[in-house]
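Notes follow the structure.
Nothing in this text is a laboratory measurement; each read-out follows from the coordinates by a stated rule. Predicted model only: the values in this text are computed from it and were never measured. Here the Cβ positions follow ideal geometry from the backbone for every residue, glycine too, while neighbour counts run over all protein chains shown.
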Amino acid sequence: MYYSKEQLERMRKEGEKWSEEREKKSKGSKYRSLAGLPIKCNHCQNETFLHSRALLNSRGMTFFNLDWLDQGAVTLTCTKCGYIHWFNLEVEEVKEVEE
C-alpha cells in the first residue's frame with residue numbers, strides 16, 4: 001500500500017495531535033535513578049513517566065505455580081510516546097521545589 005505525500009502529512013499531524021493530547025491527560029512524574037541521574041525517554045527525550053511494577057516470570061516458578069515468588073521490575077512509561085523503560089533497581093521520584 002502506498003500513501004501520497006498529503007496522506008502522510010495528514011497522518012503525521014494527527015499523530016502529533018494525539019501525542020500532545022495524551023501528554024496533557026497523563027499526570028506523569030519525573031524520576032531519577034539511584035545513581036542520581038535524571039531519567040529521560042530513550043525515544044523522545046521526554047522527562048515525565050507513569051510508574052508501575054512488573055513481574056519477571058521464570059519457567060521454573062511457573063511450572064511449580066509459584067509465579068508470585070519471582071522478582072519484579074520497575075517500569076516507567078513515557079507520557080509522550082508510550083515507550084516503556086525497565087529498571088532492575090528502584091527509582092526515586094523527583095519532588096518539584098516551588099519557589
Task: Gained length - Asn42 relative to Gln71, 0.36 nm times residue gap less alpha-carbon distance - done: 8.0 nm
Task: Length-normalised contact order for the stretch 28-93 - Cα pairs under 8 Å, 6+ apart - percent - done: 36
- [ ] Give the calculated FRET efficiency between Leu8 and Phe63 to the nearest 0.05, with a Förster radius of 41 Å applied to their Cβ-Cβ distance.
- [x] 0.25
